[in-house]
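No value in this document is a laboratory result; all are computed from the given coordinates. Fair warning: this is a prediction, and the values are worked out from it, not measured in the lab. Here the Cβ is made from the backbone with ideal geometry for all residues, glycine too, and neighbour counts use every protein chain on show.
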Amino acid sequence: MRPSRSESSSPGERAKKPPRPTGPRLLADCDQPQAGLLVRLPRATATVRLGRLLAVDALPGDVLSLAGPLGAGKTCLVGGLARGLGITGIVASPSFSLINQHSGRLTLYHVDLYRIGHESELSDLGLWEAAEAGGVLAIEWLERFPDAVSRDRLQIDLRYAEGSPLQPSPSPAEGRLARITCGGPRSAARLAALAARLAP
Ligand SMILES: Nc1ncnc2c1ncn2[C@@H]1O[C@H](COP(=O)(O)OP(=O)(O)OP(=O)(O)O)[C@@H](O)[C@H]1O
Ligand SMILES: [Mg+2]
């Protein structure tokens, strides 16, 4: 049986449907600091936006650790962080350069430890010195050398929203999930500030 006029939705009613959210969306603000925030990133622009939000409260000497499987969006997020710090140049992956320096409201050091073979190579990068000099450090693959910088850092774990991390969904539209935790009082303050910015 065809639906009566009152049951069917008119084109006008259909148009009123809220659009699917495309920005970063807070899924959970967990009570325990170690559980942190869970943020849905439906598409790459949401990852960039999250980076921009992180830049708003960034202070000299802050450290962010970006973790997640290959292609999870770590560099993409640092791109947003850079824009939020007023950096206009291209934010290329430091896979081979290991460390890229960008000048903005604060100096951003974008680091990738994927190709570092031994911790003796870390001293050449001068990470502690960069933080002490007032830079902001965004470090990919820091989990390979967790003591390369202060443990009081924001930890951003990215994963594919669908499928296992080792078998990422073929559709980038599936998006990502970010879990953000802190490692000490300094990063706890940044986490609280971010939670307030993400709150609906
Ligand atoms: N939330 C998202 N939803 C869908 N695609 C995304 C999302 N965030 C980032 N991407 C896309 O994922 C791809 C890989 O991103 P990116 O290069 O930043 O990953 P990565 O984690 O730095 O990789 P690598 O481990 O090789 O350094 C890019 O095409 C980017 O646009
Ligand atoms: Mg990368």
Report summary line: Projected onto their principal axes, the Cα atoms of segment 48-196 stretch, largest extent first, over whole-Å spans of 41, 38, 31
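Order these peptides, 153-161, 124-132, by their mean beta-carbon neighbour count within 10 angstrom, highest first.
153-161, 124-132
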Requested in this report: Could you please rank ILE139, ILE180, ILE90, placing first whichever residue has the fewest other Cβ atoms within 10 Å of its Cβ?
Outcome: ILE90, ILE180, ILE139
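Taking the Cβ of ASP152 as the center, what net charge do the other residues with Cβ under 13 Å away carry, scoring Lys and Arg +1 and Asp and Glu -1? Spell out each step's value before the answer.
Values: positive: ARG151, ARG153, ARG186, ARG190; negative: ASP62, ASP147.
Here the charged neighbours net out to +2.
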